[in-house]
């Protein structure tokens with residue numbers, strides 16, 4: 001009976017929780033990503049996948065800072081120096097959009113931009129900056145190293161799904 005109800009709901013085109021819309025684009029996300037209410041007005045979408053948190057930011061054209069500034073800021077959210085984080089920055093083009101991905105692992109300093117930080121050892125970050133006509137879209141996943149590494153491929157697939 002439950003499977004029939006699930007199928008019937010999809011057949012009528014009800015809103016699904018496995019996507020988010022930002023900047024006129026719709027991104028698909030894995031069903032394991034649980035929708036959360038964004039914890040700040042800056043966040044356009046927020047999800048939880050196990051202990052990993054996925055957040056989406058969009059500020060519009062000409063806002064949000066350069067790709068390089070955001071890459072440096074994200075890497076700077078770790079306690080250790082960049083050389084000790086196994087940090088990796090990759091640039092690619094996908095369907096006419098430029099995507100910069102950032103990965104790092106170490107002690108993540110969790111907390112609001114100008115507030116108290118809580119050290120989170122053995123954590124990782126996977127981030128993506130999608131350069132769009134209407135301004136960049138920022139998607140960032142942080143959490144325990146094993147969870148972030150296990151979710152990296154599905155994260156990348158989600159980032160590309162709206163382009």
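Nothing in this text is a laboratory measurement; each read-out follows from the coordinates by a stated rule. Just so it is clear, the model here is predicted, and its values are computed rather than measured. No Cβ is skipped: glycine too gets one built from the backbone with ideal geometry, and neighbour counts run over all protein chains shown.
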Report the residues of region 136-153 in range of a label on residue 40: point 7 Å along Cα→C-beta, backbone N strictly under 17 Å from it. 137-143
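Report the full-extension gain for the segment residue 153 to residue 107: residue separation times 0.36 nm, less the Cα-Cα distance, to one decimal in nm.
Working: separation 46, 0.36 × 46 = 16.56 nm, distance 2.22 nm.
Computed gain between residue 153 and residue 107 is 14.3 nm.
If the viscosity is 0.692 mPa s and the temperature 37 °C, what Stokes-Einstein diffusion coefficient in µm²/s follows for region 59-155 when Rh is the Kirkwood radius over Cα pairs? Before the final figure, lay out each step's value.
Details: Rh = 13.9 Å.
Roughly 236 µm²/s, to the nearest whole number.
Go ahead and run the numbers for FRET between residue 122 and residue 96, Cβ-Cβ distance against an R0 of 35 Å, rounding to 0.05. Don't jump to the answer; show the numbers that get you there.
Numbers: r = 38 Å, r/R0 = 1.08.
It comes out at approximately 0.40.
As an exercise, use a Förster radius of 22 Å and the Cβ-Cβ distance of residue 18 and residue 59 to find the FRET efficiency, rounded to the nearest 0.05.
On the way: r = 25 Å, r/R0 = 1.12.
So, using R0 = 22 Å, E works out to roughly 0.35.
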Given the options 20, 114, 59, state which has the largest fluctuation in a GNM of the chain using a 10 Å cut-off (strictly under) for Cα springs. 114
Helix axis angle, 145-161 relative to the chain longest principal axis, alpha carbon, degrees: 60 degrees
Using only Cα atoms, locate the centre of region 102-163 and the centre of region 22-48, then give the distance between them in Å, rounded to an integer. 13 Å
Per residue, what volume in Å³ does the convex hull of the Cα atoms of the chain enclose? 130 Å³
Calculate how steeply helix 2-11 sits against the longest principal axis of the alpha-carbon atoms of the chain, using the helix alpha-carbon long axis, and give the answer as 0 to 90 degrees to the nearest 10. 90 degrees
